[in-house]
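Some notes on the structure that comes next.
The values are calculated or read from the model by the stated rules, or taken from the named source; none is laboratory data. What you are looking at is a predicted structure, and each value in this text was computed from that prediction instead of being measured. Methodologically, a virtual Cβ is constructed for each residue, glycine included, from the backbone with ideal geometry; neighbour enumeration extends over all protein chains shown.
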Amino acid sequence: MTSNSRLKAHREKQFDLFSERSNAKQKKTTRLQNRVVFVDPDPNDLYLGMTTLKDHLKELKQTSPLIIRSFLSELDWSSFIESYKPGGAPPYAPWSMLGLILYGLMNGQSSLRQLENLARLDLGGMWVSGGIYPDHATIGRFILVHQERLSVEFFEAVTRSILEKTGSKTHSVAGDGTVIEAACSRYRLLKKEAMAERALSLEKAAKANSENLKKQRKSEQANEANNLLKTRIEAREAKGRSSNGISINPLEPEAVVQPQKHSGYSASYKPSVLANEYRIVVAQTIHPSAEVSVIPELLDQCVSLSGETPNELMLDAGYFCDQIVKESLEREISLLCPEGNDGGRPKQYRRYPKSQFIYNELENHYLCPAGHEMRPISFYKGTDKYKGYVLYGTPNCKTCPLKEKCTKSQNGRQVKRYPSDEMKDALRQVMLQPKAQQRFKYRKAMVEPVFSVLRGVHGLTRFKRNGLKAVKLEFALHILAYNLSRLIALLAILSSFCLILILMYEVLVRKDHYQIKLWNYQFTG
């Protein structure tokens with residue numbers, strides 16, 4: 001149970017042993033007519049004994065809370081303030097609440113109960129929040145009220161300010177994605193027949209109890225899950241693949257059952273990010289199962305954030321496809337994306353991949369790994385659903401010594417050439433250049449540490465909220481906390497660099513002063 005009483009931090013100094021305690025009472029937060037006044041205590045009034053909390057944190061060299069509080073106080077909070085109405089009990093200031101949430105995520109405290117305890121027990125949490133003591137229910141309500149604002153608008157505002165303070169740009173960005181398990185249980189997965197049976201039984205129960213809203217909601221959720229499962233089965237079968245193993249969790253149908261990073265299958269989502277050379281995330285989003293399809297959305301976010309299109313985009317081999325190549329050409333972005341695993345060198349295959357067959361544009365034929373020419377043998381015009389292509393083949397496969405490494409087909413190896421293959425061939429040639437391979441090596445350092453920090457420091461190995469909309473909010477908060485940690489790290493580097501410059505300047509000045517005194521002594525002597 002939660003209490004409606006609001007706890008307050010004691011803000012009076014520790015008095016001398018024999019002095020009388022002051023009878024002055026702390027001023028209460030009030031509301032003016034037609035104006036919202038928040039509970040926003042000043043953390044400078046917090047003391048540990050006779051030492052201010054600020055001085056105590058500085059002595060311990062714990063400057064992260066100080067930077068977070070100062071940074072958030074400089075932002076524009078007008079959109080948050082407009083969502084509150086005058087009247088009733090004064091609410092906690094949104095900058096104090098959000099500061100507590102982001103500080104907690106940076107320290108691996110992501111549950112509402114953990115954030116509640118952080119405000120009471122952690123000195124950094126006390127400073128960031130100003131000494132307020134919100135309970136877990138209050139924190140949860142705050143997140144729900146500002147859900148839309150936090151997911152996109154506030155992320156862009158915070159990241160834009162961080163880019164300005166660090167002097168970093170979005171000229172070169174690197175993209176990556178991962179798989180994170182959904183909050184729903186992996187043991188409640190249902191296949192096609194079981195899901196259809198569940199939807200039917202809940203629908204009958206809802207019709208029999210038309211006034212029971214709970215049963216109505218369950219029936220709607222089951223029908224939604226059943227329809228989603230049918231759509232996924234049809235999409236799998238349209239690609240000529242088996243749909244026997246497709247299942248869904250009826251309690252969180254938007255999550256897709258897919259392979260995890262290490263082993264096994266589970267209902268999960270795929271978050272994706274773009275990061276610049278300072279490892280600041282400039283775009284983020286989540287898709288249930290596809291990483292490639294969100295690249296246009298991420299690039300639009302990046303343009304909205306910085307006002308300019310990136311000059312360079314670096315992606316790993318999982319993004320080597322027609323859609324990405326076409327998107328980069330339309331936006332006039334220099335794309336670095338290998339087909340293999342390492343900097344443009346193709347990975348090892350059991351059989352020769354299509355990339356090993358070299359196309360001769362002048363003579364319109366492919367040259368296979370054995371050196372045989374492959375000529376056009378048939379054409380397919382294509383439909384609205386399937387792309388057209390030209391099929392190439394050669395009669396030399398029967399006697400070829402490399403046949404076992406190439407194909408098992410009795411008709412020999414055949415290669416389909418699509419209209420987009422010309423763009424992919426050009427990208428392959430780019431990635432074979434030494435300068436392109438050298439530049440692409442920076443990608444790992446730019447973007448891959450993002451998910452390492454989220455998993456290792458933030459503890460984001462599994463989402464805590466259900467549904468795609470809630471998961472997007474949760475991930476956006478984690479990225480905001482990550483970008484704040486990058487700001488703190490970059491400011492520390494910048495201050496150290498400035499200190500080095502000052503010391504070098506003093507050394508040079510003293511050296512010049514010594515040389516002048518020595519020259520004067522020699523001259524007068």
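Here are the numbers:
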quantity: When residues of the stretch 256-291 are limited to those that are at pLDDT below 95 and of a type in the set (Val, Ile, Thr), the one surrounded by the fewest Cβ atoms within 10 Å (Cβ to Cβ); calculated: Val257
quantity: Meets criteria (over 23 Å from the mean Cα position of the chain (by Cα) and within 30 Å of Asn226 (Cβ to Cβ)) for Pro250; calculated: yes
quantity: Those residues of the stretch 253-297 which are of a type in the set (Lys, Arg) and in contact with a strand residue (DSSP E or B) (Cβ under 6 Å, 6 or more places away or on another chain), in sequence order; calculated: Lys270
quantity: The stretch 292-315, subset within 20 Å of the chain's Cα centre (by Cα), at pLDDT 95 or above and not in a helix (DSSP H, G or I), residue nearest to Ser272 (Cα to Cα); calculated: Leu315
quantity: Test result for Lys405, farther than 24 Å from Leu427 by Cα, over 33 Å from the mean Cα position of the chain (by Cα) and basic (Lys, Arg); calculated: yes
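Yes/no per residue for (1) in contact with a Ser or Thr (Cβ under 7 Å, 6 or more places away or on another chain); (2) in the same structural domain as Ala290 (by TED's automatic domain parsing); (3) over 20 Å from Asn466 (Cα atoms):
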site: Ala206; (1), (2), (3): yes, no, yes
site: Asn209; (1), (2), (3): no, no, yes
site: Glu224; (1), (2), (3): no, no, no
site: Asn227; (1), (2), (3): no, no, no
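Residue-by-condition table, conditions (1) without any contact (Cβ under 8 Å) to a residue 60 or more places away in the chain; (2) farther than 19 Å from Ala267 by Cα; (3) surrounded by fewer than 16 Cβ atoms within 10 Å (Cβ to Cβ):
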residue: Ala194; (1), (2), (3): yes, no, yes
residue: Glu197; (1), (2), (3): yes, yes, yes
residue: Glu203; (1), (2), (3): yes, yes, no
residue: Ala222; (1), (2), (3): yes, no, no
residue: Glu237; (1), (2), (3): yes, yes, yes
residue: Gly245; (1), (2), (3): yes, no, yes
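So that you can scan it fast, the table gives a plain yes or no per residue for (1) touching a His at 6+ places or on another chain (Cβ under 6 Å); (2) over 21 Å from Leu305 (Cβ atoms); (3) surrounded by 17 or more Cβ atoms within 10 Å (Cβ to Cβ); (4) touching a residue at least 12 places away in the same chain (Cβ under 8 Å):
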residue: Ile68; (1), (2), (3), (4): no, no, yes, yes
residue: Lys85; (1), (2), (3), (4): no, yes, no, yes
residue: Ser96; (1), (2), (3), (4): no, yes, yes, yes
residue: Gly124; (1), (2), (3), (4): no, yes, yes, yes
residue: Pro134; (1), (2), (3), (4): no, yes, yes, yes
residue: Gly140; (1), (2), (3), (4): no, yes, no, yes
residue: Gln147; (1), (2), (3), (4): no, no, no, yes
residue: Glu164; (1), (2), (3), (4): no, no, no, no
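Let's see how each residue does on (1) over 19 Å from Leu100 (Cα atoms); (2) modelled with pLDDT of 95 or more:
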| site | (1), (2) |
| --- | --- |
| Met431 | yes, no |
| Val450 | yes, yes |
| His458 | no, yes |
| Lys469 | yes, no |
